Structure formats: C-alpha cells, structure tokens
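First comes the structure, then the notes that go with it.
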Amino acid sequence: MTEDRDPTQVMLYTSRYFAAMSNVIAAHHGTVDKFIGDAVMGIWNAPVEHDEHVLQACEAVLRCIEANQALNDEFAREGWPAYKTRFGLHVGDAMIGNIGSSDRMNYTALGATVNLASRLETLNKDYGTRVLVSQAVKDAAESRFAFRSVATIKPKGFAKEVGVYELLGRHTDAPELPLTDVVSPAV
C-alpha cells in the first residue's frame with residue numbers, strides 16, 4: 001500500500017487510522033499498548049481492572065470495524081487506499097508492566113495470552129475473516145455476542161488445542177455497551 005506513496009502522506013493517514021482505533025479502544029475501557037507498523041495492540045483489564053473486560057473488548061472490536069469503514073469511506077473520497085483491519089482476541093493471564101532497559105522502558109503485556117491473540121489476528125488471512133477469538137473469549141461473551149465455530153488449532157509453541165471462533169456481532173436483543181468519555185485528538 002505504501003510502496004509508491006509519499007512517506008509524509010503515509011504518516012498522516014496512518015495517524016488518522018491510529019487515532020480512530022485508539023479512541024474506540026479507550027472508549028471501551030481498553031488501553032492502547034503500542035503501535036506495530038500499521039497494527040494497534042490493545043489490552044483490557046489493565047492498568048485498571050474492569051469486570052466486563054471481555055465484553056468491552058468484543059464491543060470495541062465491533063465499533064473499530066464501524067470506525068474503520070467510516071474512515072475508509074473518507075480515504076476513498078480523498079484517493080487513499082483502504083486500511084484492512086483484522087482482530088484477534090484471547091483472554092487469560094499475562095505479565096503486564098514496565099519492561100526494557102535502564103534507558104528505555106515500555107508498559108506492555110507479555111506471555112502466551114498475548115501470543116495467542118496475535119496468532120488469531122494472523123489466522124484471519126487463512127480463514128477469510130476479520131475477527132477471530134479463542135474459546136475462552138467465546139465462553140465469556142456468548143451471552144451478548146454471536147460467534148461461529150471456525151476451527152480447532154494447535155498453535156506453534158502451545159501444548160493444547162484451541163477452539164477458534166469468528167465474532168459475528170451482538171445478539172439482536174443485546175444493546176451496545178456504553179462508552180466512556182473520550183476526547184478525539186486532532187491529527
């Protein structure tokens with residue numbers, strides 16, 4: 001997408017994309033951990049615990065898809081290519097805190113939970129999906145959200161198989177979860 005584009009334009013459009021995704025994540029009690037290339041890593045339930053963190057993560061993903069589409073519509077009018085966003089969600093234990101060296105530290109999450117979420121995001125390419133979640137996410141959120149079974153996998157580096165599901169949307173009788181007040185930064 002960026003091969004023949006002006007780097008300044010790439011930075012400006014990518015910053016608009018990051019702002020849109022970050023605002024949705026924050027509005028649903030999530031924390032933006034980092035930007036990796038054109039990816040956004042978000043975490044829930046840290047640094048502040050939230051009882052409905054799995055539900056909030058699922059809601060955030062659905063709202064991110066809506067925000068991504070609205071932004072892509074703007075980009076199309078401006079002659080800029082669409083950003084194709086994929087999501088992977090998993091819930092479990094992770095080590096969260098500051099990590100790094102004496103001259104540079106980052107607040108982040110590490111562990112198998114993070115690795116599995118990343119692998120689920122990547123698997124969307126293979127399954128032609130946008131949002132893949134683990135069995136653990138499905139189990140925690142199926143009262144409000146609809147899922148479709150996709151596969152059972154044994155990810156590299158994991159001893160156990162994992163059920164993989166596509167997040168399809170909210171149940172028709174489930175209202176959207178409320179937003180927190182987030183101010184959109186100017187980009």
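What to note about this one:
- Qualifying residue in region 44-61 (condition: among the hydrophobic types (A, V, I, L, M, F, W, C) and either in contact with an Asp or Glu (Cβ under 6 Å, 6 or more places away or on another chain) or surrounded by fewer than 16 Cβ atoms within 10 Å (Cβ to Cβ) (or both)): yes
- Qualifying residue in region 69-85 (condition: of a type in the set (Lys, Arg), at pLDDT below 95 and closer than 22 Å to Leu167 by Cα): yes
- When Cys58 is tested against (1) assigned to a loop (DSSP other than H, G, I, E, B); (2) at pLDDT 95 or above; (3) not aromatic (Phe, Trp, Tyr), just one condition goes unmet, and that condition is (1).
- Residue match in region 46-53 (condition: assigned to a helix (DSSP H, G or I), within 27 Å of Glu161 (Cβ to Cβ) and modelled with pLDDT of 95 or more): yes
- Here region 128-181 is the region considered, the condition is being aliphatic (A, V, I, L, M), part of a loop (DSSP other than H, G, I, E, B) and closer than 23 Å to Ala27 by Cβ, and the residue that is modelled with the lowest pLDDT is Leu179.
- Residues that are loosely packed, with under 13 Cβ neighbours inside 10 Å and either of a type in the set (Ser, Thr, Tyr) or in contact with a strand residue (DSSP E or B) (Cβ under 8 Å, 6 or more places away or on another chain) (or both), drawn from region 128-166: Ser143, Arg148, Ser149, Thr152, Lys154, Glu161
- Where Leu12 falls short, out of the listed (1) more than 20 Å from Glu121 (Cα to Cα); (2) in contact with a Ser or Thr (Cβ under 7 Å, 6 or more places away or on another chain); (3) touching a residue at least 24 places away in the same chain (Cβ under 8 Å): (2)
- Conditions (1) among the polar types (S, T, N, Q); (2) touching a helix residue (DSSP H, G or I) at 6+ places or on another chain (Cβ under 9 Å); (3) not in a helix (DSSP H, G or I): number failed by Asn98: (2)
- Here Arg86 meets each of (1) surrounded by fewer than 20 Cβ atoms within 10 Å (Cβ to Cβ); (2) farther than 22 Å from Arg144 by Cα with one exception, condition (2).
The values are calculated or read from the model by the stated rules, or taken from the named source; none is laboratory data. All figures in this text were calculated on a predicted structure; none of them were measured in a lab. We place every Cβ from the backbone using ideal geometry, glycine too, and count neighbours over all the protein chains shown.
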